[in-house]
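Step one of this worksheet: look at the structure below.
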Amino acid sequence: MDKKEARKIIQDLTRQVLHHNELYYAKDAPKISDAEYDRLFRELKKLEAEFPDLAKADSPTKRVGAPPLQKFETVKHKSKMQSLDNAMNIKELEDFDERVRKALGKDEIEYVCELKIDGLAVVLEYKEGKFLRGATRGDGVTGEDVTLNLLTIKDIPQKADKFSGEVRGEVYLPYNDFVKLNEDREEAGEARFANPRNAAAGSLRQLDSQVTARRPLSIWCYFGSVESSRLKTHTHTLDYLKELGFKINPNIKLCPGLKEVKEYIKHWETAREKLNYEIDGIVVKVNDLIDQRDLGSTSRAPRWAIAFKYPPLQAKTIVEDIQVQVGRTGAITPVAHLKPVHLAGVIVKRATLHNEDEIRRKEIKIGDEVVVQRAGEVIPEVVKVSKHTSSSKAFHMPKDCPICHGELYRPEGEAITRCINAACPAQVKERIRHFATREAMDIEHLGPAIVDRLVEKKLIKDVADLYCLKREDLLKLERFADKSAQNVIDSIDGSKDRPWDRLLYALGIRMVGRNTASLIAQHFDGLEDLFDVKGEKLENIPGIGPKVAHSLEHFFSQKENRHLIKRIKDYGLRIKSEKNKGPQPLKGKTFVFTGGLETITRPEAEELVRKLGGHPSSSVSKNTDYVVAGTEPGSKYEKAKKLGVKILDEKGFLGLATPS
Ligand code: IVH
């Protein structure tokens, strides 16, 4: 192929890939299959490699998976990215309103109230509808060019009709993803992010855009430089941006006067706890764009807007003690026992201290006065020490487990100390509790309190022991009558029949959740096939990462674990696929359920999918084959519609599952 021809094909492929990107990412309505898209994409990449001087810097092939950068380029902002003045209380808000009214000579001002997202400000540049470049705020005058990373955020449109200009917004990490990211980092021995804002900044300012791509960042846009006489107000601008495909926060409110602004502020002071992202206040903006222009700016901030800052959801209290808890996998978590304190509507008595390094970094001692904080629905944490006292005592991680007195061990490079005695009663209790849960072996009458008593009375020490329990053993426990003892025995017996992927999950292997277990079961015939499996083989399964693979390899290489599985097998549990599995009409198909089902429960439906060879998953993606929408389906339904995933109702699903 000569260069002229290559140029033409590259142009054509680029156009096609961009078009399908837009359908997929901006419009959420793909028109071609993934395989077809991949073919176009690969062909373009191949030609760009053959003719590097024809490869454009903004080619869609550079979107994800571009080589890591050495350093960010700097970007001089077209107009200064300003900050906002703050109002720390209602009086300061009233003063702002008075200044604005006086300057404009008006009795009442129409304001727009917005949530002040606690993320990272970015500016997105578009030319003739094309996303050209994006940068961080930096010092307000120059920022960093983070275009490649912004391209991985699916909420940022790559095409915006014919729009030329700038859009500003706040990039953030949803709260649940922040919690999960920190858990993963802790498992991997990496430092935790202090808050979602830092996590968002750390994720966006990555030299390797593949890392950014793995973090589910999102954006709320709040400003657009639109030159149009049609747009007279800030809300018009936001509506226009929304039409162009930008994400605009749904909680924005038009307020005819200060009274409504105050009501908005009052409402969100408590309602903010229910949001899945952090806000640190409310931004109040004059709605009329001519008024905004007339008010102008100081060197630092516009005169037409103010940020009303909420006090953080924090309180001060005393650390009365620090004790450690032992989890199912032996992880030792230090917990601060606090003098009870009111915080955002609840009384807080405990706060997690995460691990030893966190305590050292924050210099927390027993007796200190500390600041505790609650965000979302999670367990509170200690932010910092506000006062040491002369009698404060340093915490030392115990050398021995507080429960079994066995040795504690902190592997090199990891943040978590563990009790390595697999027979530790605390771990044993947690493991057996987990084994019996509904999602695992579903042993209905074996609740956590019974497990604890059975372990304490030394009637069981592992999950296999459950299967040789007798009614008489249970009768030895207090408050156990004949009938309840029989119920426990019957439900343990009934669990022998569970398919082996549930057993795999029930074993409580680190990082192996229910869906991972079912994925593994599609590639192996039984638990014994995993005994000598190598991590690399597991990593070849799409959806299994190196950490999960390593965790499985480690678990099955331990002779105690193999012995446990042999005993389980002897008690008649299913440790491999049934020879005669029955029909597998859903083989290889992925299902996501949303909304309520009427004739079957959600776990039963998921189990049915597994039994028939399919794979239930909790999130919708382009790889999902079917979304089953029950009554009042949630956002997964909307997403399925956008991605063009087949949607079934309950009847349709049961029809597939039980073909006539
Ligand atoms: S308007 C010239 N609106 O808060 C107008 N800012 O403390 C500039 N922020 O730098 C900002 N949510 O990063 C605006 N709804 C919102 C916002 C918001 C968060 C951030 C933004 C700004 C900082 C000022």
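The values are calculated or read from the model by the stated rules, or taken from the named source; none is laboratory data. The shown structure was predicted, so the numbers you read here are calculated from the model rather than taken from an experiment. Positions of Cβ are generated from backbone atoms using ideal geometry, with glycine treated the same way; all protein chains shown enter the neighbour counts. Note: areas computed on protein heavy atoms with side chains; ligands, DNA, RNA excluded. Shrake-Rupley method; radii C 1.70, N 1.55, O 1.52, S 1.80 Å.
Applying the condition of being over 22 Å from T233 (Cα atoms) and in a loop (DSSP other than H, G, I, E, B) to the stretch 269-289 and asking which residue is farthest from the ligand (Cβ to nearest atom) yields N276. When S495 is tested against (1) at pLDDT 90 or above; (2) polar (S, T, N, Q); (3) surrounded by fewer than 19 Cβ atoms within 10 Å (Cβ to Cβ), just one condition goes unmet, and that condition is (3).
The set of residues from the stretch 378-403 being in a loop (DSSP other than H, G, I, E, B) and either touching a residue at least 40 places away in the same chain (Cβ under 8 Å) or crowded, with 19+ Cβ neighbours inside 10 Å (or both) comprises V378, P380, F395, M397, P398, C401, P402, I403.
When E144, E170 are checked against the criterion of being within 27 Å of L275 (Cα to Cα), open to solvent by 20 Å² or more (accessible area, probe 1.4 Å) and either outside any loop (DSSP other than H, G, I, E, B) or in contact with an Asp or Glu (Cβ under 9 Å, 6 or more places away or on another chain) (or both), a single residue qualifies: E170.
For the stretch 650-657, indicate whether the set of residues that are open to solvent by 60 Å² or more (accessible area, probe 1.4 Å), touching a strand residue (DSSP E or B) at 6+ places or on another chain (Cβ under 7 Å) and in a helix (DSSP H, G or I) is non-empty. There is no residue in the stretch 650-657 that is open to solvent by 60 Å² or more (accessible area, probe 1.4 Å), touching a strand residue (DSSP E or B) at 6+ places or on another chain (Cβ under 7 Å) and in a helix (DSSP H, G or I). Taking first residues from the stretch 79-93 that are at negative phi and open to solvent by 70 Å² or more (accessible area, probe 1.4 Å) and partners that are more than 9 Å from the ligand (Cβ to nearest atom) and small (G, A, S), the Cβ contacts under 9 Å between residues at least 6 apart in sequence or on separate chains come to K80/S299.
Per this entry, Q292 is not counted among residues that are touching a strand residue (DSSP E or B) at 6+ places or on another chain (Cβ under 6 Å), more than 16 Å from the ligand (Cβ to nearest atom) and open to solvent by 20 Å² or more (accessible area, probe 1.4 Å).
Scanning the stretch 245-264 turns up no residue that is within 13 Å of the ligand (Cβ to nearest atom), within 13 Å of I117 (Cα to Cα), assigned to a helix (DSSP H, G or I) and not basic (K, R). Would you check if G105 is more than 24 Å from V17 (Cα to Cα), within 16 Å of the ligand (Cβ to nearest atom) and either of a type outside the set (A, V, I, L, M) or open to solvent by 40 Å² or more (accessible area, probe 1.4 Å) (or both)? No.
Considering (1) touching a Phe, Trp or Tyr at 6+ places or on another chain (Cβ under 6 Å); (2) within 16 Å of the ligand (Cβ to nearest atom); (3) at pLDDT 95 or above, the lone condition that A87 does not fulfil carries the number (3). Residues that are touching a Phe, Trp or Tyr at 6+ places or on another chain (Cβ under 8 Å) and part of a loop (DSSP other than H, G, I, E, B) were ranked within the stretch 108-122; the one that is surrounded by the most Cβ atoms within 10 Å (Cβ to Cβ) is G119. Scanning the stretch 406-432 for residues that are over 18 Å from L507 (Cβ atoms) and of a type in the set (D, E), we see that the one that is most open to solvent (accessible area, probe 1.4 Å) is E412. Tell me, please, whether a residue that is touching a Lys or Arg at 6+ places or on another chain (Cβ under 8 Å), open to solvent by less than 20 Å² (accessible area, probe 1.4 Å) and away from the ligand (no atom under 16 Å from the Cβ) can be found in the stretch 174-183. There is at least one residue in the stretch 174-183 that is touching a Lys or Arg at 6+ places or on another chain (Cβ under 8 Å), open to solvent by less than 20 Å² (accessible area, probe 1.4 Å) and away from the ligand (no atom under 16 Å from the Cβ).
Total residues in the stretch 469-486 satisfying the condition of being open to solvent by less than 60 Å² (accessible area, probe 1.4 Å) and either at pLDDT 95 or above or within 26 Å of R502 (Cα to Cα) (or both): the figure is 4.
On the basis of being in a strand (DSSP E or B) and surrounded by 14 or more Cβ atoms within 10 Å (Cβ to Cβ), does V609 make the cut? For V609, the condition - in a strand (DSSP E or B) and surrounded by 14 or more Cβ atoms within 10 Å (Cβ to Cβ) - is not met. The residues on offer are E125, E110, E92, and the sole one that is within 16 Å of the ligand (Cβ to nearest atom) and either among the charged types (D, E, K, R) or farther than 27 Å from D239 by Cβ (or both) is E92.
Residues that are open to solvent by 20 Å² or more (accessible area, probe 1.4 Å) and touching a Ser or Thr at 6+ places or on another chain (Cβ under 7 Å) within the stretch 512-537 comprise N515, D525, listed in sequence order.
From the list Q206, Q210, the one residue that fits, being open to solvent by less than 70 Å² (accessible area, probe 1.4 Å) and away from the ligand (no atom under 15 Å from the Cβ), is Q206. Would you mind stating whether E186 is in a loop (DSSP other than H, G, I, E, B) and either at pLDDT below 80 or aliphatic (A, V, I, L, M) (or both)? Spelling it out, it is not the case that E186 is in a loop (DSSP other than H, G, I, E, B) and either at pLDDT below 80 or aliphatic (A, V, I, L, M) (or both). Criterion applied to K641, K587 was being part of a loop (DSSP other than H, G, I, E, B) and surrounded by fewer than 18 Cβ atoms within 10 Å (Cβ to Cβ), and the one residue passing it is K587. Only a single item in (1) exposed (fewer than 14 other Cβ atoms within 10 Å of the Cβ); (2) in contact with a His (Cβ under 9 Å, 6 or more places away or on another chain) is not met by F223, and it is number (1). For the stretch 295-327, which positions are over 21 Å from E114 (Cβ atoms) and within 16 Å of the ligand (Cβ to nearest atom)? Passing the criteria: only S299.
Scoring I647 on the criteria (1) modelled with pLDDT under 85; (2) open to solvent by 30 Å² or more (accessible area, probe 1.4 Å); (3) farther than 24 Å from R498 by Cα; (4) touching a helix residue (DSSP H, G or I) at 6+ places or on another chain (Cβ under 9 Å) leaves a single failure, condition (1). The number of residues in the stretch 295-321 being hydroxyl-bearing (S, T, Y) and out of contact with any strand residue (DSSP E or B) (no Cβ under 8 Å at 6 or more places or on another chain) comes to 3. Looking at the stretch 301-344, the strands (runs of 3 or more DSSP E) lying wholly inside it that each contain 2 or more residues that are surrounded by fewer than 19 Cβ atoms within 10 Å (Cβ to Cβ) and modelled with pLDDT of 95 or more sit at 314-326, 331-343. When you look at E243, is it open to solvent by 60 Å² or more (accessible area, probe 1.4 Å) and more than 30 Å from R101 (Cβ to Cβ), yes or no? So E243 fits the description; yes.
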